[in-house]
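Since every read-out is calculated from the coordinates, none of them should be taken as a lab result. Just so it is clear, the model here is predicted, and its values are computed rather than measured. We place every Cβ from the backbone using ideal geometry, glycine too, and count neighbours over all the protein chains shown.
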Amino acid sequence: MSEAPSASPAAEEPSFRVPAGEIAGRLARLQEAMQAAGLEAVFLVQTVDRFYFSGTAQDAFLFVPAEGPPLLFVRRFAPRAREESPLAEILPIESVRRIPVLLKERLGRLPARLGLELDVLPVNDFRFWRGLLEPRECPDASPLLLRLRGRKSAWEIARLEETAEMSARTFAHMREILAPGLTEMEFASRAEAYARGLGHAGLLRVRGFNALGYPGHVLSGPNGGRPGMLDAPASGSGTSCAFPAGAGPRRLRPREPILVDFGSVKNGYHLDEARMFAIGGLPPEEHSACRAAILIHDRLIAAARPGVTAGALFEEALRLAGEMGLAEAFLGPPGHKVRFVGHGIGLELVEPPFLARGHKTPLEEGMVFALEPKLVFEGRFAAGVESVFVVTAAGGRLISRVPVDVFLC
């Protein structure tokens, strides 16, 4: 059995920083898009958006004008923000009411058309900022921000590959510790503890209101065939009606499918991967379903090239499932199916674009997706696979390093 990983003395202090050139390129693309959209400025309050464009996740607010340098207003903690961010204008503030005063001092006036993140900004916060900054218009800047974040740079893809290496080691550890009698929650927690020793941050960032982000989604036997609250083919039992999703108290048993859907995050960059496990083999129907999910997975990655639309990949997945006689179970049981087979991923676990029905977004080089074809046989079991891949000129390339296989332990 592998031992828990240990850090060297040199690795005890965090050293991760976003390069200045990376931040400068992001801001240049943002300002170009703002000018095309007629935005005078954007005001970013959401943590991940601020981090993407500033390099720091300290408690702050980022003001980006359509022209000129951005201003980062920091409540807590300005010294760390200056260590972490390459921005030149980092201003500590004791009160947010200083922000319009400082903007007027530097710009001469407040912007009339100010973009805000309306997909996540609470109504009361929106009213507060609109009253404080006094724009004439407050268009939603979120689609523009998320579109820019959707194409990953070579530097970002390298960070995702680092997360993939951590995840591959974690999945290998899962194969060593899987044993009958463990509960789903015990198995999930042991895997997470091992991953934390490798640098897993623990908290998965999810943008949506009321959305949950947790690493270990372990669904064994009939729990894999249990729909529920999640926008996912199956939710599992969870630990109680207060948290009715993911791993629960059911004990792992031989010769039944165990779907392990594990979210990893290192240095802010996420991976979302799923593999099938079993103790002592699988019955023919269950094993065949697992192989069918892998076939759909491999075909879609091969077909993912620039210009192909997200909706076309979704329709291809439906076609393949239908050819194999699995349309009824694909993406959930009848009446509980999800409408996507994959999603963007990066600084958040789920990002646009989505590989979903009717989505006309053309794939572009640098887009990164978590592809998750899954089959759910209600009340019986689930079978599926999930991997992260990047779109290249030649087609999809796996970032995930976990072998695409069924793990029979």
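For the stretch 36-123, trypsin sites (Lys or Arg not before Pro) meeting the loop criterion (DSSP other than H, G, I, E, B) and having at most 15 other Cβ atoms within 10 Å: 97, 109.
Normalised by the number of residues in the chain, the average gap of Cα pairs under 8 Å and 6 or more apart makes the relative contact order 15 percent. Against the main long axis of the alpha-carbon atoms of the chain, helix 123-133 sits at an angle near 20°.
Using the average count of surrounding beta-carbon atoms within 10 Å as a protection proxy, the listed peptides 213-225, 247-259 rank, highest first, as 213-225, 247-259. The stretch 151-171 and the stretch 276-293 have Cα centres separated by 28 Å.
Could you pull out the GluC sites (Glu not before Pro) across the stretch 31-95 that fall in loop regions by DSSP (anything but H, G, I, E, B) with no more than 10 other Cβ atoms inside 10 Å? Answer by residue number: 67, 94. For the chain, the longest principal axis of the C-alpha atoms and the axis of helix 98-107 are separated by about 60°. Recomputing Kirkwood radius over Cα pairs in Å from the coordinates shown identifies the correct label among (1) 22.6; (2) 26.4; (3) 24.4 as (1). In the stretch 151-408, the DSSP beta bridges split such that about 90 percent are antiparallel, to the nearest 5. Rounded to 0.05, the FRET efficiency of the residue 299 and residue 118 pair, given R0 = 35 Å and the Cβ-Cβ distance, is 0.40.
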